[in-house]
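Read through the structure below, which is laid out as structure tokens, and then see the notes.
Only the coordinates and a few stated rules stand behind these numbers; no lab work does. Since the structure is predicted, the reported quantities are computational estimates derived from the model, not experimental observations. Methodologically, a virtual Cβ is constructed for each residue, glycine included, from the backbone with ideal geometry; neighbour enumeration extends over all protein chains shown.
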Amino acid sequence: MKYSHILFKKTALSIFMPAVLGIPVGIGISQPASAETIQQKQKLGQQRVLEEVIVSARRRDESLQDVPDTVVAFGKLGIEERGIDNLGDINNFVPNFQLRETQQPGVAFINVRGVSMQRFQEPSVAILVDGVQLFSSYQITQTLYDIEQIEILKGPQGALYGRNAIGGAINIQTVQPADNHSGNLRLGYAEGNKRYGRGALRGPLYGDSVYYDLSFYYTDSDGLIDNDTLNKEVDWNESVNLRGKIIADLTEKLRADFRLSYSEQDSGAAYFFNIDSGDVNDTSFEPINDTEGFAGREMLDASVRLSLDLDVGELVLTSAYSKTDDDFYQDIDFAPIP
């Protein structure tokens with residue numbers, strides 16, 4: 001049976017507010033870029049080429065130009081400009097990389113250099129968030145927010161990451177707290193009556209040895225895909241994402257990193273439809289099933305990383321706990337009959 005779904009994107013209006021007094025609030029509406037704007041972006045792009053990009057996908061800090069493997073890296077500004085909210089958003093920016101979510105939140109197919117994964121099976125690439133590896137395929141499509149850098153390392157990486165790394169590795173680094181208090185808040189509105197907000201607050205907690213970081217991302221959308229039988233949108237989505245971090249320098253050489261994150265998502269699901277023509281690119285059809293599909297996913301992650309600076313290198317101990325609850329319901333005949 002062939003099926004298809006329609007993907008829409010993106011934002012029409014956004015408001016960004018740095019959490020620093022005296023800085024004005026900016027409101028931007030999408031519009032064609034002027035020649036002057038294009039020249040400024042080209043100039044900015046030329047400046048970026050001169051900057052040294054440091055990556056840690058091979059479990060060490062090194063210049064991107066010195067890495068013999070194929071690595072694609074996105075910095076904080078590049079992530080914002082491309083509107084990357086999850087790993088699926090980088091499909092159009094990384095050659096030989098595809099990630100598709102289907103049926104329900106957490107069911108994804110990832111393909112790097114032709115190395116793919118099977119439905120409901122473990123991923124074919126190692127995925128790490130702040131040095132902690134994700135082992136469940138249901139965690140792949142989690143929301144990305146407050147991200148400093150994303151690195152995609154292509155090719156087998158079993159020597160560095162062990163199992164689930166035959167296709168490569170994806171290293172995600174969140175923004176780390178600094179010596180001064182800072183924060184930001186971003187609000188937005190998009191098609192499908194989508195409302196979203198995200199923000200962060202970070203800084204020193206105790207002297208110059210203990211730091212904190214709190215961040216969140218909330219989104220609520222009515223959807224864009226109509227069901228003719230139910231007379232409503234079926235790709236609605238609501239999600240809440242929270243993350244907290246505490247980094248403590250216990251000694252001059254020993255650092256502890258505590259991380260706790262929670263995510264809850266409820267959404268429409270399985271809004272498929274039969275294609276009588278057999279052409280999977282034919283999007284003239286709409287879902288007509290008589291029962292609405294829905295899905296829920298709840299994730300809790302906690303981790304502790306201890307890093308000891310030795311004369312010969314760095315010794316790192318990582319311990320993590322992860323729990324994922326999934327709820328799913330669908331009308332499997334995709335037809336307007338019971």
Problem set entry | Surface/4 of the Cα convex hull for the range 97-164, nm² | 4.7
Exercise. Rounded, prolate or oblate: which fits the range 126-280, taking a ≥ b ≥ c as square roots of the Cα gyration tensor eigenvalues, rounded meaning a/c under 1.5, else prolate when a/b beats b/c?
Worked result: oblate
Exercise. Rounded to the nearest 20 Debye, what is the dipole magnitude of the range 69-131 about its Cα centre when Lys and Arg each give +1 and Asp and Glu each give -1 at the C-beta?
Worked result: 220
Problem set entry | Euclidean distance between Cα centres, the range 261-338 to the range 119-148, Å | 11
Problem set entry | Note, ³J(HN,Hα) from phi for the range 326-338, Karplus 6.51, -1.76, 1.60, rounded to Hz, x at Gly and Pro | 10, 10, 8, 8, 8, 8, 7, 8, 6, 10, x, 10, x
For this session: Taking only the C-alpha atoms, wrap a convex hull around the range 131-176 and report its volume per residue in Å³ as a whole number.
Result: 78
Problem set entry | Backbone HN-Hα couplings from phi across the range 244-260 [Karplus 6.51/-1.76/1.60, Hz, Gly and Pro as x] | x, 9, 10, 10, 10, 8, 5, 9, 5, 10, 10, 10, 10, 10, 9, 9, 9
For this session: Just the ratio, please: alpha-carbon radius of gyration of the range 56-122 over 2.2 N^0.38 Å, N its number of residues.
Result: 1.28
Exercise. What list of whole percents do you get for P(r) of the range 213-272, with Cα-Cα distances grouped in 5 Å bins up to the one holding the largest distance?
Worked result: 4, 15, 17, 12, 11, 9, 8, 7, 6, 4, 4, 2, 1, 0
For this session: Count neighbours as other Cβ atoms within 10 Å of each site's Cβ, and list the GluC sites (Glu not before Pro) in the range 216-279 that are DSSP loop with at most 13 such neighbours.
Result: Glu252
Problem set entry | Ranked packing of 286-298, 321-333, most packed first, by mean Cβ within 10 Å | 286-298, 321-333
For this session: Please list, in chain and number order, the residues 5+ apart from Ala335 or on another chain whose amide H is under 5 Å from its amide H, with Hs placed from the backbone.
Result: Asp290
Problem set entry | Over 23 Å between alpha carbons, listed pairs Lys194/Lys323; Lys154/Lys194; Lys194/Lys232; Lys245/Lys323 | Lys194/Lys323; Lys154/Lys194
